[in-house]
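To start, the structure under review is shown below, and the notes come after it.
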Amino acid sequence: MQAIEKVRAELEPKLDTLLMYLESVHDSRAHEFFSSIHNNLLSVEGEEQLLELFIQLSMTAFQPFELDPVAVLLTDEILAYAEQISDAFSASANVSH
């Protein structure tokens, strides 16, 4: 559970920054999508739920909104972090089997 708390502590500020930016540029569709992800992050209790959240994040490109360049940079940072954590979880799962 400590790993989940660490991921939450590192990912939440990144999402908060993106949400504040999206609110400032009045991008309500993107804000709604990432608010949902933020809320799901707060309720994550285990690795499986976290990986489901990362899958949800990976669907960003298929959403009915287009992000401006600043939002793309912020989103890319979040996606890169999610990929890094997902890879780390996969590696630790492979070592334990």
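Things worth noting here:
- Environment charge of Glu10, counting only residues whose C-beta is closer than 14 Å and scoring Lys/Arg +1, Asp/Glu -1: -2
- Net +/- balance of residues flanking Leu67 in space, Cβ distance below 12 Å, scoring K and R +1, D and E -1: -3
- Helix axis angle, 47-58 relative to the chain longest principal axis, alpha carbon, degrees: 30
- With a simple spin-label model that places each label point 7 Å from the Cα along the Cα-to-Cβ direction, the separation between Val72 and Lys6 comes to 3.3 nm.
- With every protein chain in place, the chain: carbon and sulfur % of accessible area (1.4 Å): 55
- For the chain, the longest principal axis of the C-alpha atoms and the axis of helix 28-43 are separated by about 30°.
- In this simple spin-label approximation, Ser28 and Asn40 carry label points 7 Å from Cα along the Cα→Cβ vector, and these lie 2.3 nm apart.
- Taken about its Cα centre, the chain carries a charge dipole of roughly 60 debye when the Cβ of each Lys and Arg holds +1 and the Cβ of each Asp and Glu holds -1.
- Measuring gaps between exposed loop sites in the chain (GluC sites (Glu not before Pro); DSSP loop; at most 14 other Cβ atoms within 10 Å), the longest gap, sites not included, is 1-44.
- Cβ-based net charge around Asp27, under 13 Å, with every Lys or Arg adding one and every Asp or Glu removing one: -3
- Of the options (i) 1.10; (ii) 0.95; (iii) 0.99, only one is Rg/Rh (Cα atoms, Kirkwood Rh) as computed from these coordinates, and that is (iii).
The values are calculated or read from the model by the stated rules, or taken from the named source; none is laboratory data. Nothing here was measured: the structure is a model prediction, and the numbers come from that model. Note that we place each Cβ from the backbone using ideal geometry, even for glycine, and neighbour counts take in every protein chain shown. To get the accessible areas, we keep the full protein, side chains included, count just its heavy atoms, and leave off ligands, DNA and RNA. Shrake-Rupley method; radii C 1.70, N 1.55, O 1.52, S 1.80 Å.
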